[in-house]
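See below for the structure under consideration.
The values are calculated or read from the model by the stated rules, or taken from the named source; none is laboratory data. Keep in mind it's a predicted model, so treat the numbers as computed, not measured. Reconstructed Cβ throughout: ideal geometry from the backbone, glycine too, with neighbour counts over all protein chains shown.
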Amino acid sequence: MTDRLQDRSLGMAGLALILAAVALARLLALVLSPSELGFDEAQYVLWARHFDFGYFTKPPLIAWVIGAETQVCGTGAACVRSVVPLVNSATAFVLALLAARLYGRRSGFWTGIFFALMPGIAVSSFLITTDPFLLFFWALALYALFEQIERPGLSPALLFGVAAGLGLNAKYAMIYLPALVALSAALLPELRQKLVRRESLAALAVMLLLIAPNLVWNALNGFATFEHTANDNIGWSLDRINGRKGFEFLAAQFAIAGPVIFGAMLNALFLGARTEKPRTDLLLLVLSWPILLAITVQGFLAQANVNWGATAYPAGAIVATALVVRHRWRFFFLANLVVCGLASLVILFGTAFFDPGSAPAAGRQLRQLAGWQKTAESLEALAAQTGARRVVVEGRALTAGIAYALRDSDLKVLAYLPKGDRPGDQFQLDRPWNGEDQRQGTLLFGVGREGLERLGASPIAVIEAPIYAAKDGTMPVYGFAEGATPAAGPAAQSTAARPSDPAKGAAGGGDAKARAGDGAGTR
C-alpha cells in the first residue's frame, strides 16, 4: 500500500507554523476587507467603552477583550476583529495537543488542521463574537479534564476551574461542560473515582469565584442577562412549537463542521464506529453529542441558531478525526481536506474582496455588514441642516449600528423606550429616551409606526441609508414641529399613518434576526 497523506504528520511544531500561517492569512483578509462591523459586533464595541462586570445580553469577557484591543489599534473593524483568527488557531492547537495525547501524533496533527478548516470556524474568524473565546476556554478545560483522568491532582482541577470560569464570562453555554462531566461520571463507572474527588470541589469553587462578579451584576440589574437568555433565546411556549426547526438545525451542522467530520460523528453515535480506544471514543461522544441533541430539541420547542451547537465540536472533532484518519478508505480524509479547504479559501477571499453592500436582497446576513457609515453621514448632514443634537433609534440592531457609526460624532444617539416599558436591551438600559423631554432638536430614525403615532412625529426627510433595514437604500427620518406634543391616545393619527408615508415598508424598531456566526443574540 502506498503511503497515505493521513499517515503523515509534521509534528506539533509544524502544526504550530501552519496554524500561525492560517491566522496571518485571515488577519490580512480582515485588513483588506471592505466589510463594516455588523450590529451585533458594534454593540460589543460600545459596551467596551464602559467597563462593567456584565451587560444586558452577554457576560463581560468580549467587551473586556475589545476594550484592550481598541487601546492598541483603535475601533476600526479590522482591529476589533483581529484577535479572533489568533484565538481560533490557538484553540485548534490545544485540541491537537489533546488529540495527540489520546490517539497519537497523526490524529493530533490532523485534528488541528481539520478544526481550523471547519467552515464554521472559518466564518467565525472574520467576526467578533463570543463563540471563539468560549471554544478556546472549552478546549483548555477539556485538556485539564483528561489530565485529571490520567493523573488526578489539584493542578488539573484548578486549570479546569479557571478555564470554565473564564469561559462562563465569555458565554453561559460554558456551563454545559461541567454538566457533561457529571454525566460522564454517572455513565462511565471507571471515571467516578477520578472525577468525584475533593479537587473537583476546588475546581467548582474557582469557577464560581470567577463568574461571581457577573452574578452580582445580574442581581443588581434585575438578572437582565438571565432573563434575556430565558425569554429571547430559550423562549419555550406552545405557540412556538414546530416540526421543522430542529431538523434544520441538525442539517446545518453538516455545513458548520464539514460533511465528513459531522458524518463521522453521526457514524460513531448511531452505527457504533470506534477506534482502538472505544472507552475514550465513548467519553468524547458523551462530551459532545448531548449538546447537539439538546439544541435540536430546543429547535423543535422554539428556535435554534446554527452556532448554538458549537461547543459539541472540540470533543466531537477529536473523535471524528481519529476515525477518519484510521479509516481504510482515504476518500473520506481527502474529501474533508478538499471540501473544507476550498470552503475556507472561498470565505477568506470573499472576506478580503467582496463588498457586503453589493449582496442581493436575499443576502440579508451579508448586507448587515455594510452601509452604516454612509447612513451615519446622511444623519449628520441632516442634523447640521436642521440643528438637531440627538437621534433616537428604536430596536437593538439599528441602535447598535448607528451608535457605533456615530461614535466620534457630536450627534448623540439614544434608544427609544416608551414610558412604562422595561428595558429590552443594553441601549434602553443605558441611554433611554421616552419622548417626554428633549423633543426639539431630535431626529427619529427607524422608529416604528406605533411609536411615531404615540409621539406625534412627522416626516422631515428621506435619507440615503444603504443598510439591511432599507429596501431601496433610503429610509425616512422624523422630527417634531414647534410645540408638538405626544398624541393623546391610540386613536390619534399622524402623517406616519398615511399609505403614502415613506416609512411604509421600512424597518422599524424590531430587531433583525440576522445571524453572522454567534454572533449576537446567541446563548
(message) Out of 394, 380, I need the residue that is in contact with a helix residue (DSSP H, G or I) (Cβ under 7 Å, 6 or more places away or on another chain), in contact (Cβ under 8 Å) with a residue 24 or more places away in the chain, under 21 Å from residue 46 (Cβ atoms) and not assigned by TED's automatic domain parsing to the domain that holds residue 36. Which one?
(response) 394
(request) Please determine, by comparing only the residues of region 392-428 that are assigned to a helix (DSSP H, G or I), touching a Phe, Trp or Tyr at 6+ places or on another chain (Cβ under 6 Å) and not small (Gly, Ala, Ser), which one is surrounded by the fewest Cβ atoms within 10 Å (Cβ to Cβ). (result) 426
(message) What's the total number of residues in region 371-391 that are in contact with a strand residue (DSSP E or B) (Cβ under 8 Å, 6 or more places away or on another chain) and either in a loop (DSSP other than H, G, I, E, B) or acidic (Asp, Glu) (or both)?
(response) 2
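The rows are residues; the columns are (1) free of Cβ contacts under 8 Å to residues at least 24 places away in the same chain; (2) within 30 Å of residue 452 (Cβ to Cβ); (3) out of contact with any strand residue (DSSP E or B) (no Cβ under 9 Å at 6 or more places or on another chain).
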residue: 311; (1), (2), (3): no, no, yes
residue: 322; (1), (2), (3): no, no, yes
residue: 329; (1), (2), (3): yes, no, yes
residue: 335; (1), (2), (3): no, no, yes
residue: 339; (1), (2), (3): no, no, yes
residue: 355; (1), (2), (3): no, no, yes
residue: 359; (1), (2), (3): yes, yes, yes
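Looking for something touching a residue at least 24 places away in the same chain (Cβ under 8 Å) and more than 25 Å from the chain's Cα centre (by Cα) - is there at least one such residue anywhere in region 403-411?
There is at least one residue in region 403-411 that is touching a residue at least 24 places away in the same chain (Cβ under 8 Å) and more than 25 Å from the chain's Cα centre (by Cα).
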(message) Between 81, 101, which is among the charged types (D, E, K, R), within 17 Å of residue 344 (Cβ to Cβ) and at pLDDT 95 or above?
(response) 81
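Okay, residues lined up against (1) within 17 Å of the chain's Cα centre (by Cα); (2) surrounded by fewer than 24 Cβ atoms within 10 Å (Cβ to Cβ); (3) under 23 Å from residue 11 (Cβ atoms):
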| site | (1), (2), (3) |
| --- | --- |
| 81 | yes, no, no |
| 93 | no, yes, yes |
| 110 | no, no, yes |
| 150 | no, yes, yes |
(message) Cβ-Cβ under 7 Å, sequence separation 6+ or interchain: first residue in region 136-154 and closer than 18 Å to residue 196 by Cβ and in the same structural domain as residue 168 (by TED's automatic domain parsing), partner in a helix (DSSP H, G or I) and of a type in the set (Phe, Trp, Tyr). Which pairs?
(response) 141/160; 144/160; 145/160; 148/160
(request) Scan region 269-286 and report the pairs whose first residue is in contact (Cβ under 8 Å) with a residue 40 or more places away in the chain and closer than 17 Å to residue 139 by Cα and whose second residue is among the charged types (D, E, K, R) and crowded, with 17+ Cβ neighbours inside 10 Å, with Cβ atoms within less than 9 Å and a gap of 6+ or a chain change. (result) 281/274
(request) Looking only at region 315-323, decide whether some residue is under 13 Å from residue 261 (Cα atoms) and either of a type in the set (S, T, N, Q) or modelled with pLDDT under 95 (or both). (result) yes
